[in-house]
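Visitor: The structure follows.
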Amino acid sequence: MRILSLGFTRGVIAQIIGSALGTALIVAIRAILGMPNNDLRDIEPAAVFGGFVGGIAFMLGVGSMDDWIKWMRGIATPEYHGPDPNKPRWQRYFDVDYDHKVIGVQYGVTSVLLFLLAGTFALIFRTELAAAGMQFLSPDLYNTLMGLHGIVMIAAILTGVGAMSNYLVPLMIGANDMAFPRLNAFAFWVNVPGALLVVSSLFLGGFDTGWTGYPPLSARAPLGMQMFFIGVYLVGLSSILGSLNIIVTVLKMRAPGMTMFRMPIFVWAAFATSLIGLTATQMIGLSFLMVLIQRVFGMGFFDPTKGGNVVLFQHLFWFYSHPAVYVFILPGLGIVSELLPVFARKPLFGYKWIAMSSLAIALVGFFVWAHHMFTAGMEEYLRVPFMYATLLVAVPTGVKFFSWVGTLWQGKIITPTPMLFTLGAIVVFLFGGLTGPPNGTVATDLHLHDTYWIVGHFHNTMFGGFVYPFFAAIYYWFPKITGKRMNETLGKLHFWLMTPSFWAVTWVQMFIGLRGMRRRIADYDPTQGFEPAQLLITIAAFLIALSVLIFLINLVRTMRSSERVTDNVWNSRSPEWQLPSPAPDHNYADRPFVVVGEPYDYGLPGSTYVAMQTGTASARAE
Amino acid sequence: MDHPRRILIVSSHPLFRDGLKSLLHKRDGARVEIVGTARNTDEAIAALKTHAPDLVIVDHDDTSINRDEFLARFIEDQQPMRVVLVSLKETGPVVVYDRRTMAGARIEDWLNDLEIPQPKNALNESRRGSMKHFIAVAILVVIVAVLVNAGLEALGLMPVQASAQAVPIDNLFGMHVKVIAFLFALIVVFMVYSLVVFRRKAGDTGDGAHFEGHTGLEIAWTILPLATVLYFSYLGAGALAETMRADPQAMEVKVIGTQWTWRFEYPEGNVSSNTLYLPKDKQVLLKLSSTDVIHSFWVPEFRVKQDALPGDNMVKDLRVTATKTGEYKVRCAELCGQLHATMESPVVVMEANEFAAWLDKEAKSIPTDPVERGRRWATQFGCAACHSVDGKAGIGPSWKGVYGREEELTTGQKVKVDDAYIKESIRTPAAKLVKGFTTPMPVLTLSDAQIADLIEYLKTLK
């Protein structure tokens, strides 16, 4: 059984068995107690228990807790984990592996797969929306697919963020791995049962609430809702543990001479992101857990007939879910700041200001959550203070834009594919950012809230803040990961096909949103005259899909080719590019370095960022 | 002198190189650092990049060095650097070339000087160059901003303006559009201009200008946006207050959302309706509530929006003063489950006298026939959204022939549909669900008399 030697397969099988056993146990207890087990609603408590047991079973089955269990039993484990010489190298990626670069790639591949899944959901319901009237989806299935598109995209973004920060942070600060490699592997793998649970909701009645899961609707939704809650809970756990790891790594594992203000700027973004992830994620877990408990145990948290308050949920939910959008975009903005100097051949303009603006966005982001609730019926006196706080976010965000422009000014700019996506990120995110203040001032938000305007606005922030930078990062670091460079022609085709299509989608969305197009509706009133616009959006969405297909073809072709490029293909100063490509196991163990200069002194002759000792046998202590 | 001068020596003669090296060391000690030596033109040109010397000393007598080529390459770059040609054969002053100006100066002066003299005309020239770029960009920004704003205004972004509350909202949105157009133009024009003008020429492998930032600029572009957003918040608060301004004479209308219909109750005249009738130019105080999940009241032409929440103490206010007669639709803006998309009801704005006439007529038109009254309640409470009268199964069982029918429940029990069962099903919908239907009905606020009427109506649906 070759396939069983993969941790991944063992985990999935364990999860299926665990879910079945957990469910069966509660069903049996219910039967003994004389309680009915006739339909999905009756066995809901059993299925919820099974869902949790399945999640734990996966983590045991994949082997993510092996070392911890050994420690509990008093068995020592080796300090240094390398690849198992008895197994082919590709197999590392399907097993629990403690190398941060392997984990980074695992995150990245998971992210791309989740993107494709969530994008497919979007294409399905986008096709339904191309014309008024219901053509091939039922309203229930539409609602489920729409909600899944949202939450699977969020999982894709979170794993994408995990990919970038896990792969890059240790390499950039001169560490040989993360501070807690086992926790790192655990934090990655817990996403897998989480994602499987979320997707399983599709087959258990779905859920009709969108990804926000507002009660009382979510308290009445089918069983799929509960699987969604448990899945999100596990993905959230990954965020918390991953963030903890990044924070400790950044604070404790930097190379000699690498002061906080000499770190590559992406590390600041990852650090600010992790501060949010560590402290806010609990709240979405809590809010969803409360609905889950309300459903299973009949509690009245959000049930008005039992004295509960439906607005309370929204406060708890958005206390995470607003800062979460900064978790999605800050790493992407960090990528932009990281790549611009390389391709403008000029120092990053205002390094400290950019670093501090990430922290400022993270901080202010905690005081703006109620701007999602201006029409929700919260206390009216809260609206104006939250408006002021919300608009303040524009200030540190503006600092980034102006500094980026300052970086380009009088540079010697070159535009290979990663730079194209970096520039695309700036313009798209700029548009997303500029369309934010009208939602921030309460009066205008009364009209804009819950319309396609909002849909267009946040897709601009998500594409500009994450999708474009993520593609830039893949094109840019692909030679670092594999030693091979992706094809430029296909890369440029990808960019020039995706960008106009994306504008077509979101500009039209925003326009018909202003004209009265509500968001999240399975069908729309043909008398409003939105049919041509909806058709246009659908066609453009398929063109985006086509551009992503070109990207995938490029990815696979490059993987298969044997053409290698030089180690420092972009002529970057960053330490990871001073290593051979692909980077060796344990990064700098044989090549410790000392930071002797500033990270972005492009154009200053004779200056270097790091001085690397090569060929020294003595590995630096971990 | 705070750091040693970095010197590169170029000569094919070891005696020249080593002799000059030891001489300079002896004479100037820590003030100079010989960063390298080069034996020919190629090495010298390469060393310019790798060693970044402050001063290059070239053997004037060495014919193997192509001086013209070297000097041509030397002046290409912008980095401050000088070259001195030293001859052992000829006497007279040595010639010092400054990379930026190519103006001569004396080597002794330079070695003893703390500052590299910056010729004034060169500085002015580079400033003039920058100014030229900035003026070009400023003109382009203004043009693009005006065009974008004009284009958006010509497009007509908002739907018909049909309420007094829409006016401050549209005005504020118009100001937002202007700021969006300006800032979009500002950043994009700067970027595109840089991409065109500062693009690296083919074959060039050099780097851009080395400047790391400008604290004054950073402070400026922190303070100015801060002032702008504070001003916009102030405007936003003012506009919000205007949409909430209460008229003590306002007419109250209850708005009740139920999956997936709206019902409007007019306390004056004890009238209720599924169409929202409103008098023109009179403020209406909408009292919003929900019987099940969260809904949201939105008429795009009125702009304002407010969620309707379940819960006795959660009735929310929304004020609307319709200003244009016509037909609109209230469209539920908060995802409320399966048929959210279809949760739309007509809104009719009439002249005040027409409205008064309608209200009066409705108040007097409550039918005397219980069957007709029952039919009326069925319409008003939105029963038809789930219960058909033609036998087709919907979210709930069809009403065709329902009265007196025997139904099998989800528990497997059988029950006869009689007065008691119907009443129980309305009061506590989840208690006994008919097999095959999993979604319980929302709790509706029908009175006992209304339920009695409804039962009479059901009896007629054979």
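The values are calculated or read from the model by the stated rules, or taken from the named source; none is laboratory data. Values in this document were obtained by computation on a predicted structure and should not be read as measured data. Virtual Cβ from ideal backbone geometry, glycine too; neighbours counted across all protein chains shown.
Visitor: Hey, could you check region B:445-454 for residues that are closer than 30 Å to residue A:39 by Cβ and more than 14 Å from chain A (Cβ to nearest Cβ) and say which is modelled with the lowest pLDDT?
Guide: Going through the qualifying residues, I end up with B:446.
Visitor: Could you go through region A:127-138 and let me know if any residue there is under 18 Å from residue A:470 (Cβ atoms) and surrounded by 18 or more Cβ atoms within 10 Å (Cβ to Cβ).
Guide: Looking for residues that are under 18 Å from residue A:470 (Cβ atoms) and surrounded by 18 or more Cβ atoms within 10 Å (Cβ to Cβ), one finds none in region A:127-138, hence no.
A quick yes/no check of all residues on (1) surrounded by 22 or more Cβ atoms within 10 Å (Cβ to Cβ); (2) within 25 Å of residue A:373 (Cβ to Cβ); (3) modelled with pLDDT under 95:
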site	(1), (2), (3)
B:312	no, yes, yes
B:319	no, yes, no
B:322	yes, no, no
B:334	yes, yes, no
B:346	no, no, no
B:351	no, no, no
B:356	no, no, yes
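Visitor: Also, I was wondering about something else. For residues in region A:304-363 being part of a helix (DSSP H, G or I) and of a type in the set (D, E, K, R), which is nearest to the other protein chains (Cβ to nearest Cβ)?
Guide: So, considering only residues that are part of a helix (DSSP H, G or I) and of a type in the set (D, E, K, R), the one nearest to the other protein chains (Cβ to nearest Cβ) is A:352.
Visitor: Hey, can you tell me all the residues within region A:403-420 that are surrounded by 23 or more Cβ atoms within 10 Å (Cβ to Cβ) and either more than 7 Å from every other protein chain (Cβ to nearest Cβ) or part of a helix (DSSP H, G or I) (or both)?
Guide: Matches in region A:403-420: A:403, A:404, A:406, A:407, A:408, A:417, A:418.
Visitor: What are the residues in region B:263-286 that are modelled with pLDDT of 95 or more and either hydrophobic (A, V, I, L, M, F, W, C) or under 32 Å from the mean Cα position of the chain (by Cα) (or both), if any?
Guide: Selection gives B:276, B:278, B:284, B:285, B:286.
Visitor: Moving on. Hey, can you tell me all the residues within region B:406-421 that are within 26 Å of residue A:40 (Cβ to Cβ) and among the basic types (Lys, Arg)?
Guide: Hit for region B:406-421 is B:414, nothing else.
Visitor: Can you pull out every residue in region B:425-438 that is out of contact with any Pro (no Cβ under 9 Å at 6 or more places or on another chain) and surrounded by 14 or more Cβ atoms within 10 Å (Cβ to Cβ)?
Guide: B:425, B:426, B:432, B:435
Visitor: Okay, next question. Quick one: is residue B:186 part of a helix (DSSP H, G or I) and at the interface with another protein chain (Cβ under 7 Å from one of its Cβ atoms)?
Guide: It is false that residue B:186 is part of a helix (DSSP H, G or I) and at the interface with another protein chain (Cβ under 7 Å from one of its Cβ atoms).
Visitor: Sort out which residues of region A:369-385 are more than 10 Å from chain B (Cβ to nearest Cβ) and assigned to a helix (DSSP H, G or I), and write them in order of number.
Guide: Correct list: A:369, A:370, A:371, A:372, A:381, A:382.
Visitor: Oh, and also: Hey, among the residues in region B:10-66 that are assigned to a strand (DSSP E or B) and among the charged types (D, E, K, R), which one's farthest from the other protein chains (Cβ to nearest Cβ)?
Guide: B:59
Visitor: Take residue A:91 and decide whether it is over 22 Å from residue A:543 (Cβ atoms), in the same structural domain as residue A:210 (by TED's automatic domain parsing) and either part of a helix (DSSP H, G or I) or without any contact (Cβ under 8 Å) to a residue 60 or more places away in the chain (or both).
Guide: Spelling it out, it is not the case that residue A:91 is over 22 Å from residue A:543 (Cβ atoms), in the same structural domain as residue A:210 (by TED's automatic domain parsing) and either part of a helix (DSSP H, G or I) or without any contact (Cβ under 8 Å) to a residue 60 or more places away in the chain (or both).
Visitor: Exactly one condition in (1) at pLDDT below 95; (2) part of a helix (DSSP H, G or I); (3) within 7 Å of chain B (Cβ to nearest Cβ) is not met by residue A:366; state its number.
Guide: (3)
Visitor: For the structure I just gave you, tell me whether residue B:229 is more than 30 Å from residue A:219 (Cα to Cα), among the β-branched types (Val, Ile, Thr) and at the interface with chain A (Cβ under 8 Å from one of its Cβ atoms).
Guide: Yes; evaluated as a whole, the condition is true for this residue.
Visitor: With the condition being over 48 Å from the mean Cα position of the chain (by Cα) and within 24 Å of residue B:452 (Cβ to Cβ), I'd like the helices (runs of 4 or more DSSP H) fully within region B:351-430 carrying at least 3 qualifying residues.
Guide: Filter on region B:351-430 gives B:370-380, B:419-427.
Visitor: Something else now. Would you confirm whether or not region B:268-289 contains a residue that is within 10 Å of another protein chain (Cβ to nearest Cβ), in contact with a His (Cβ under 9 Å, 6 or more places away or on another chain), more than 27 Å from residue B:367 (Cα to Cα) and not aromatic (Phe, Trp, Tyr)?
Guide: yes
Visitor: In region A:593-607, how many are of a type in the set (Gly, Ala, Ser) and more than 7 Å from chain B (Cβ to nearest Cβ)?
Guide: 2
Visitor: Next question. Does region B:291-300 contain any residue that is crowded, with 22+ Cβ neighbours inside 10 Å, among the polar types (S, T, N, Q) and not assigned by TED's automatic domain parsing to the domain that holds residue B:429?
Guide: Yes, region B:291-300 contains at least one residue that is crowded, with 22+ Cβ neighbours inside 10 Å, among the polar types (S, T, N, Q) and not assigned by TED's automatic domain parsing to the domain that holds residue B:429.
Visitor: Here is a further query. Test of understanding: among A:224, A:213, which residue is more than 18 Å from residue A:317 (Cα to Cα) and either more than 10 Å from every other protein chain (Cβ to nearest Cβ) or at pLDDT below 95 (or both)?
Guide: A:224
Visitor: Quick one: residue A:395 ticks every box in (1) closer than 22 Å to residue B:198 by Cα; (2) within 7 Å of another protein chain (Cβ to nearest Cβ); (3) surrounded by fewer than 24 Cβ atoms within 10 Å (Cβ to Cβ) except a single one, so which number is it?
Guide: Evaluating residue A:395 over (1) closer than 22 Å to residue B:198 by Cα; (2) within 7 Å of another protein chain (Cβ to nearest Cβ); (3) surrounded by fewer than 24 Cβ atoms within 10 Å (Cβ to Cβ) leaves (1) as the failure.
Visitor: Yes or no: region A:469-479 includes at least one residue that is touching a helix residue (DSSP H, G or I) at 6+ places or on another chain (Cβ under 8 Å), surrounded by 24 or more Cβ atoms within 10 Å (Cβ to Cβ) and among the hydroxyl-bearing types (Ser, Thr, Tyr).
Guide: Yes, the conditions are met somewhere in region A:469-479.
Visitor: Taking region B:1-17 as the search range and keeping residues that are charged (D, E, K, R) and surrounded by 14 or more Cβ atoms within 10 Å (Cβ to Cβ), which one is nearest to residue B:62 (Cα to Cα)?
Guide: B:17
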